[in-house]
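Quick notes on the structure that follows.
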Amino acid sequence: MSAVPSVSRRGLLTALGAGAVGAGLAAAGTAVASADPDGGGRDAVAFEGEHQAGIATDVQSHLHFAAFDVVAADREELAGLLRDWTAAARDLVAGRPVGEGGATGGSPLAPPADTGEAVGLPAARLTLTVGFGPSLFDDRYGLAERRPEALVELPAFRGDALDPARCGGDLAVQACADDPQVAVHAIRTLSRIAAGRAAVRWAQLGYGRAATVDPSAPTPRNLFGFKDGTANPSGTDAATLDEHVWVAGEDAAAPAQAWMTGGSYLVARRIAMHVETWDRSSLGEQEQVIGRTKGEGAPLGGRREHDAFDPASLPASSHVRLAHPSRHGGAQMLRRGYNYTDGADGLGHLDAGLFFLAYQRDVRRAFVPVQRLLADDDALSEYLRHTGSGVWAVPPGVGRGGWWGEGLLA
Amino acid sequence: MRIRALAPILLLPALALAGCGSLVESTEPAAGSGASDDGAVAVTATDEACEVASTDLPNGLTTFAITNGGSQVTEVYVYAGERIVTEKENIGPGTSYELTVDLTAGDYEVACKPGMVGDGIRSAISVTGEGSPLDATEQAAVDGYRAFVQERADATVPLVQQLRDAVAAGDRAGAQALYAPSRVPWETVEPVAESFGDLDPRMDAREADLTEGEDLTGWHRLEKALWTGEDLAAVVPVADQLLLDVGELAQRVPNAALTPTSIGNGAKELLDEVATGKITGEEEAFSHTDLVDFQANVDGARAALDALRPIVEASDPELVASLDTEFAAVQAALDPYRSGAGFVSYDTVGEDGRRDLARAVDGLSEPLSRLGAAAGGA
């Protein structure tokens, strides 16, 4: 994969459009490369860094999330998969076709290395973020002692309606992009590369961001029609991220767990919303349940969305009051979930809701206590059903020449 | 059986075939006078005539580009004496079809049969020349694989004879026991049979492959009768026809259009059959003997790899190593389901089991999709 010329998908299309079919390919690559060394243009997100991209990165418009079961025979094969994935990811996030010859430049006798549906599309700020589930640390690959203490299985919460076919996974990949086809192409490509080593266990498409990490941007709305995540940490607030999102060196309970330094823990929950019954409740009731006004998003009793407020002044079972960091020892999570609809439920309703994604330094101090309280007391729970779930240890970022999981597996 | 997949492939222009997965491939077109730009020999069928653009052809792979300009549905046969070399039935007015066959030196006849009746309007063609464009290693691979296909095709005939006799005798239990074994050699070489126009749809179509007005024939018609309690007397003619068809298949193998690339692509197609038909349990909807077919498909793909091994060892040794590993993984996934001389009924294999089989097949199919190109030196 590393031998691929640095020709962007857009450059390729332009070259072909100009009639430079086949023989013009190398020239196109050169021309594009000189003007645009990364191939992807301004909308490519850097792949390398201290932390993986796709966490503090400004939330893109679309999501394709996939959980994988690893079927690799041994640890070496697992490491080979992650090396191959990393190589492909470097091309994907730069907006380059993957593999030798890309979508159309290879042998006509062989299947194209790149599946082709993203040809002509920009990099679209694609980010790919990889995590390791608790099940990866069983006896198959000898990783038990490297399992971070913080990587706990989530407990059962009141009202859970989890479908085993939408839960867990040895690996998870979060693909976020401003173009849905770019995100789908990325997951499809990684799944193809994984054949014989890992297989998709379940996957989820999200079409509309339900969170932002840019405080200057308007807060998005969830399918209940309310602004969600007003108090989300800013993606550029390094101090808050260090305190609540990134795993610190001191967090390692043993030296064998130090590979997680600079990483984070991801919780995904597929939360189906009973949008039909919600839509029949009065505006006043909806605002009492949430604890904010529907229009402005101001805390009840306040005027503006970001007005300071005393959570104790809100209705006792309101969502905002119960989820407020002050109820949880100040714990915060970086949320970057997406709205979804997956067809119908067979009973005349939409299967719609929120695919909740939250990154945190330690799930035992963030998601677990928050969700326990919400599941027990939140008035909103009446309208929600958690149907899918997973938790993954998201390793730190990749350096020059590095690969996903090298700290864990090398 | 892949009617839907096969037909569009064959309708493509010959040059486009180079990149597709069909065994019918035309990268080495006939070069005789009268051949069209893409090397195909035009056959223009009308209600009264059957014009063959060139009647002196060099030996090797030959593609006949058939156009029906008449008002009736027609069919086109290539005969060597009274032996059918290849055929295509049901070519509608105004439609075209390409038929590729490997012609060795000798005399042949092309016959068009407007209305699909009678002996047809015949044109004599003469094929001359020796040698082949393949090098010695490639030729040895093709010869070795053709011998394997011939052996498998020949082996099908007595097995289908026994099946036919049991059906004719009304011996339901006996016929049920003979049904899956009769398909094993066929399932190892099915892509070659698919390359001969009409044999595969006639012999191995599933009910779901048919459109309105088409009748179910072949093995799956017998399967349905055997497992749904139907009176077997009604399907004796079906068994008789199947016996004729397997005999015809064995006769046609010497002219199967084989190249190293087509053999490699055939292996991929066998695994595609597993992925789309056997894993889902659609192939043997009544008998649930899908795992017997599954094993035969895998064995056939492995035979193709073995034939090509000397070529691919040189061009892509890593691919060979990866294929050996993945073939072993598929076999390891299948073996737990062995029962007696065959396999357990597929309706006893649960969702988890089917998922694990599917994953093993995906692991093999991905590298296997590159075998055709590697065998073709790409």
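The values are calculated or read from the model by the stated rules, or taken from the named source; none is laboratory data. Because the structure is predicted, anything quoted here is derived from the model rather than measured. Note that we place each Cβ from the backbone using ideal geometry, even for glycine, and neighbour counts take in every protein chain shown.
Going through (1) surrounded by fewer than 24 Cβ atoms within 10 Å (Cβ to Cβ); (2) touching a helix residue (DSSP H, G or I) at 6+ places or on another chain (Cβ under 8 Å); (3) closer than 26 Å to residue A:108 by Cβ one by one, residue B:274 falls short only on (1). Outside any helix (DSSP H, G or I), more than 29 Å from residue A:141 (Cβ to Cβ) and out of contact with any strand residue (DSSP E or B) (no Cβ under 9 Å at 6 or more places or on another chain): does that describe residue A:316? It is true that residue A:316 is outside any helix (DSSP H, G or I), more than 29 Å from residue A:141 (Cβ to Cβ) and out of contact with any strand residue (DSSP E or B) (no Cβ under 9 Å at 6 or more places or on another chain). Examine region A:281-292 for a residue that is buried (at least 16 other Cβ atoms within 10 Å of the Cβ), on the phi > 0 side of the Ramachandran plot and in contact (Cβ under 8 Å) with a residue 24 or more places away in the chain, and state whether such a residue exists. Yes, region A:281-292 contains at least one residue that is buried (at least 16 other Cβ atoms within 10 Å of the Cβ), on the phi > 0 side of the Ramachandran plot and in contact (Cβ under 8 Å) with a residue 24 or more places away in the chain. Selection of region B:82-112 for residues being assigned to a loop (DSSP other than H, G, I, E, B), under 23 Å from the mean Cα position of the chain (by Cα) and without any contact (Cβ under 8 Å) to a residue 40 or more places away in the chain yields B:82, B:92, B:95. Inside region A:243-280, residues that are among the charged types (D, E, K, R), more than 19 Å from residue A:51 (Cα to Cα) and free of Cβ contacts under 8 Å to residues at least 40 places away in the same chain make up a count of 2.
The set of residues from region A:63-82 being over 19 Å from residue B:326 (Cβ atoms), more than 10 Å from the chain's Cα centre (by Cα) and either assigned to a strand (DSSP E or B) or within 14 Å of chain B (Cβ to nearest Cβ) (or both) comprises just one member, A:67.
Tell me, yes or no, whether region B:154-168 has at least one residue that is in contact with a strand residue (DSSP E or B) (Cβ under 9 Å, 6 or more places away or on another chain) and of a type in the set (Ser, Thr, Tyr). No, because not a single residue in region B:154-168 is in contact with a strand residue (DSSP E or B) (Cβ under 9 Å, 6 or more places away or on another chain) and of a type in the set (Ser, Thr, Tyr).
Need at least 3 residues that are at negative phi and touching a Ser or Thr at 6+ places or on another chain (Cβ under 8 Å) per element, so show me which helices (runs of 4 or more DSSP H) inside region B:129-219 make the cut, counting only ones lying wholly within it.
Working: elements: B:136-168, B:172-194, B:199-204.
Those helices (runs of 4 or more DSSP H) span B:136-168, B:172-194.
Going by what's in this entry, would residue B:308 be described as away from chain A (no Cβ under 11 Å), at pLDDT 95 or above and not in a loop (DSSP other than H, G, I, E, B)? So residue B:308 fits the description; yes.
If we scan region A:177-198, do we find a residue that is of a type outside the set (Asp, Glu) and without any contact (Cβ under 8 Å) to a residue 12 or more places away in the chain? Yes, there is a match, as at least one residue in region A:177-198 is of a type outside the set (Asp, Glu) and without any contact (Cβ under 8 Å) to a residue 12 or more places away in the chain.
Could you tell me whether region B:275-293 includes any residue that is small (Gly, Ala, Ser), under 14 Å from the mean Cα position of the chain (by Cα) and at negative phi? Checking region B:275-293: not a single residue is small (Gly, Ala, Ser), under 14 Å from the mean Cα position of the chain (by Cα) and at negative phi.
Scanning region A:169-197 for residues that are surrounded by fewer than 24 Cβ atoms within 10 Å (Cβ to Cβ), away from every other protein chain (no Cβ under 12 Å) and more than 14 Å from the chain's Cα centre (by Cα) yields A:179, A:181, A:188. For region B:245-284, which residues satisfy the criterion of being β-branched (Val, Ile, Thr), closer than 19 Å to residue B:312 by Cβ and not in a helix (DSSP H, G or I)? Of everything in region B:245-284, just one residue is β-branched (Val, Ile, Thr), closer than 19 Å to residue B:312 by Cβ and not in a helix (DSSP H, G or I), namely B:259. Among the residues examined, residue B:364 does not qualify as under 24 Å from the mean Cα position of the chain (by Cα), more than 10 Å from chain A (Cβ to nearest Cβ) and buried (at least 20 other Cβ atoms within 10 Å of the Cβ). Looking across region B:323-358, just one residue is touching a residue at least 24 places away in the same chain (Cβ under 8 Å), of a type in the set (D, E, K, R) and facing chain A (nearest Cβ under 9 Å), and that is B:326. When B:122, B:152, B:172 are checked against the criterion of being within 22 Å of the chain's Cα centre (by Cα) and either over 30 Å from residue B:290 (Cα atoms) or of a type in the set (D, E, K, R) (or both), B:152 stands alone in meeting it.
What do you reckon, is residue A:88 touching a helix residue (DSSP H, G or I) at 6+ places or on another chain (Cβ under 7 Å), modelled with pLDDT of 95 or more, within 14 Å of chain B (Cβ to nearest Cβ) and not in a strand (DSSP E or B)? Spelling it out, residue A:88 is indeed touching a helix residue (DSSP H, G or I) at 6+ places or on another chain (Cβ under 7 Å), modelled with pLDDT of 95 or more, within 14 Å of chain B (Cβ to nearest Cβ) and not in a strand (DSSP E or B).
Of the residues that make up region A:115-135, is at least one within 20 Å of the chain's Cα centre (by Cα), part of a helix (DSSP H, G or I) and farther than 18 Å from residue A:55 by Cα? Checked against the condition, which is being within 20 Å of the chain's Cα centre (by Cα), part of a helix (DSSP H, G or I) and farther than 18 Å from residue A:55 by Cα, region A:115-135 yields at least one hit.
So which of B:369, B:315 ends up being within 14 Å of chain A (Cβ to nearest Cβ), touching a Pro at 6+ places or on another chain (Cβ under 6 Å), in contact (Cβ under 8 Å) with a residue 24 or more places away in the chain and surrounded by fewer than 23 Cβ atoms within 10 Å (Cβ to Cβ)? Spell out how you get there, then give the answer.
Working: B:315 fails: touching a Pro at 6+ places or on another chain (Cβ under 6 Å).
Within the list B:369, B:315, the selection yields B:369.
Residues considered: A:153, A:149, A:100, A:145. Of these, the only one that is within 14 Å of another protein chain (Cβ to nearest Cβ), in contact (Cβ under 8 Å) with a residue 12 or more places away in the chain and at negative phi is A:100. Per this entry, residue A:184 is counted among residues that are hydrophobic (A, V, I, L, M, F, W, C), modelled with pLDDT of 95 or more, more than 25 Å from residue B:354 (Cα to Cα) and touching an Asp or Glu at 6+ places or on another chain (Cβ under 8 Å).
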